[in-house]
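Report on the following structure.
Values quoted throughout were computed directly from the atomic coordinates according to the rules given, and no laboratory measurement underlies them. All values reported here derive from a predicted model rather than from experimental measurement. Note that each Cβ is placed from the backbone with ideal geometry, even for glycine, and that neighbours are counted across all protein chains shown.
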Amino acid sequence: MNENNLNFEAALVRLEEITRVLESGSVSLDDSLKLFEEGVGLVRFCNEKLENAKLKVLKVNTSEGE
């Protein structure tokens, strides 16, 4: 999945898909590892988006208090 065209919601949907496939046990070890690696990248992407959103909220709250 291309992170340039990815948003938070789409990343979560893809993570859910990956989770379902991995939990089903229907893929080979090699494919499982590839999916796991993709999932790790998506988690990092989502965490970064959440952290950026948190910083924006804090900045807005801080500027309103001045």
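In degrees between 0 and 90, to the nearest 10, how far off the longest principal axis of the chain does helix 8-24 point, with axes built from Cα atoms?
The angle comes out near 30 degrees.
Taking the Cα centre of the chain as the origin and placing charges on Cβ (Lys, Arg +1; Asp, Glu -1), which of LEU55, VAL40, ALA11 is farthest toward the positive end of the dipole?
The residue sitting farthest along the positive end of the dipole is LEU55.
Give me, ordered by chain and number, the residues 5 or more places off VAL27 or on other chains with an amide H under 5 Å from its own placed amide H.
For VAL27, no residues qualify.
When the helices in the chain are scored as -39500 (n - 2.57) per DSSP H run of 4 or longer and the sum is shared across all residues, what 222 nm value do you end up with, to the nearest 500 deg cm²/dmol?
One gets -28500 deg cm²/dmol as the mean residue ellipticity at 222 nm.
Dipole of the chain, Cα-centred, from +1 at each Lys and Arg C-beta and -1 at each Asp and Glu C-beta, to the nearest 20 debye?
It works out to roughly 180 debye.
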